[in-house]
1. For VAL173, are the conditions met, namely being at negative phi and in contact (Cβ under 8 Å) with a residue 40 or more places away in the chain?
2. If you check ARG72 against the conditions, is it in contact with a helix residue (DSSP H, G or I) (Cβ under 9 Å, 6 or more places away or on another chain) and surrounded by fewer than 19 Cβ atoms within 10 Å (Cβ to Cβ)?
3. Which residues, counting only those in the stretch 97-112, are within 13 Å of ligand 1 (Cβ to nearest atom), part of a loop (DSSP other than H, G, I, E, B) and of a type outside the set (Ser, Thr, Tyr)?
4. Could you list all residues from the stretch 45-91 that are under 20 Å from GLU121 (Cβ atoms) and within 16 Å of ligand 3 (Cβ to nearest atom)?
5. Name the residue that is nearest to ligand 3 (Cβ to nearest atom), counting only residues in the stretch 112-140 that are small (Gly, Ala, Ser) and more than 14 Å from the chain's Cα centre (by Cα).
6. Being small (Gly, Ala, Ser) and more than 16 Å from ligand 4 (Cβ to nearest atom), is that true of even one residue in the stretch 27-45?
7. If I ask for residues that are in contact with a strand residue (DSSP E or B) (Cβ under 7 Å, 6 or more places away or on another chain) and polar (S, T, N, Q), which ones from the stretch 164-218 would you list?
Amino acid sequence: MTIPVLEIFGPTIQGEGMVIGQKTMFVRTAGCDYSCSWCDSKFTWDGSEKNNIRKMNAKEILDALIEEGGDRFGHVTISGGNPGLLPQLNNLVDLLHLHGVKVALETQGSKWQSWFTKINELTLSPKPPSSGMQTDFSVLDKIIESLSIEQKGTFSLKIVVFDDADLGYARKVHQRYPTVELFIQVGNDDLEKANEAELLAHLLERYEQLIDQVMADKELKHVRVLPQLHTYLWGNKRGV
Ligand SMILES: C[S@@+](CC[C@H](N)C(=O)[O-])C[C@H]1O[C@@H](n2cnc3c(N)ncnc32)[C@H](O)[C@@H]1O
Ligand SMILES: Nc1nc2[nH]cc(C(=O)O)c2c(=O)[nH]1
Ligand code: SF4
Ligand SMILES: [Mg+2]
């Protein structure tokens with residue numbers, strides 16, 4: 001079975017979460033079971049780029065990664081869309097590992113795949129109320145339980161926060177999974193802005209506000225508050 005791919009780019013830095021700053025390539029798959037109001041990758045699921053989806057097998061993806069990144073990479077991040085919808089990614093994960101390449105995954109944690117256990121750094125990013133999505137905690141419970149038992153690499157939770165209700169959701173998730181590393185990420189609420197200086201000033205202000213709120217919070221003690229670093233460097237550009 002082939003893999004629907006919309007973007008292959010890098011090397012760049014991982015701009016988010018548990019391995020922020022890591023030099024990595026990105027593979028972005030098409031299709032998502034969610035439709036978050038503020039999704040910064042809507043083109044993966046809104047139909048606007050359905051003619052650009054490439055159906056590729058694992059070998060073709062590896063070749064495209066090498067064409068783009070040459071011999072300058074040793075780490076690949078799979079994102080989307082929701083790559084967790086695709087059982088056939090198992091082949092890509094195995095092929096990358098065979099070539100000595102580490103593999104990270106970004107998923108919202110709405111679906112389980114057995115290949116998750118082989119991922120070196122797995123980020124689960126359940127969605128807070130501002131997204132308009134509902135978390136099925138019975139699914140997330142099972143995923144976290146399976147990863148806690150079987151995971152060969154590491155995994156963490158990452159929650160994007162836009163408002164107080166979202167921070168309340170982060171608190172609830174932290175209480176439910178107190179032993180899982182939690183990253184709280186600033187939401188980008190201006191996906192259309194092309195002026196990078198203005199966007200940076202705006203996002204820095206939001207980052208500072210979020211830090212203030214988390215510092216004042218009695219329940220959020222063992223958390224890390226992070227920006228979406230690539231956005232601060234390169235704005236709303238794609239493929240960076
Ligand atoms: C585009 S998603 C793809 C992977 C998967 N569907 C997910 O949501 O985890 C990658 C990451 O970007 C985050 N993200 C999406 N839109 C964002 C925005 N406007 N501001 C901040 N983070 C955002 C998501 O929460 C997720 O952690
Ligand atoms: N540099 C960079 N870091 C990222 N971290 C997560 C991303 C994503 O869209 O999943 C992303 C992305 O698109 N670019
Ligand atoms: S789950 Fe991820 S890709 Fe899907 S709509 Fe939400 S942010 Fe976008
Ligand atoms: Mg992104």
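The values are calculated or read from the model by the stated rules, or taken from the named source; none is laboratory data. Since the structure is predicted, the reported quantities are computational estimates derived from the model, not experimental observations. We place every Cβ from the backbone using ideal geometry, glycine too, and count neighbours over all the protein chains shown.
1. Details: at negative phi: yes; in contact (Cβ under 8 Å) with a residue 40 or more places away in the chain: yes.
Criteria met by VAL173.
2. The answer is no for ARG72.
3. So in the stretch 97-112, the residues within 13 Å of ligand 1 (Cβ to nearest atom) come out as 104-111.
Narrowing further to those that are part of a loop (DSSP other than H, G, I, E, B): 108-111.
The answer is GLN108, GLY109, LYS111.
4. Filtering the stretch 45-91 down to residues under 20 Å from GLU121 (Cβ atoms) leaves 58, 61-62, 65, 69, 72-86, 89-91.
Result: THR77, ILE78, SER79, GLY80, GLY81, ASN82, PRO83, GLY84, LEU85, LEU86, LEU89.
5. Within the stretch 112-140, the subset small (Gly, Ala, Ser) is 114, 125, 130-132, 138.
Next, from what is left, pick out any that are more than 14 Å from the chain's Cα centre (by Cα): 114, 130-132, 138.
On the way: SER114: 21, SER130: 11, SER131: 6, GLY132: 9, SER138: 18 Å.
Of everything passing the filter in the stretch 112-140, SER131 is nearest to ligand 3 (Cβ to nearest atom).
6. Applying the first criterion (small (Gly, Ala, Ser)) to the stretch 27-45 yields 30-31, 35, 37, 41.
When the remaining residues are screened for being more than 16 Å from ligand 4 (Cβ to nearest atom), the result is none.
For the stretch 27-45, residues small (Gly, Ala, Ser) and more than 16 Å from ligand 4 (Cβ to nearest atom): absent.
7. Passing the criteria: only GLN185.
Yes/no per residue for (1) within 27 Å of THR135 (Cβ to Cβ); (2) among the hydrophobic types (A, V, I, L, M, F, W, C); (3) out of contact with any Cys (no Cβ under 8 Å at 6 or more places or on another chain); (4) surrounded by fewer than 22 Cβ atoms within 10 Å (Cβ to Cβ):
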| position | (1), (2), (3), (4) |
| --- | --- |
| SER35 | yes, no, yes, yes |
| ASP46 | yes, no, yes, yes |
| ASN52 | no, no, yes, yes |
| MET56 | no, yes, yes, yes |
| LEU62 | no, yes, yes, yes |
| GLY80 | yes, no, no, no |
| LEU86 | yes, yes, yes, no |
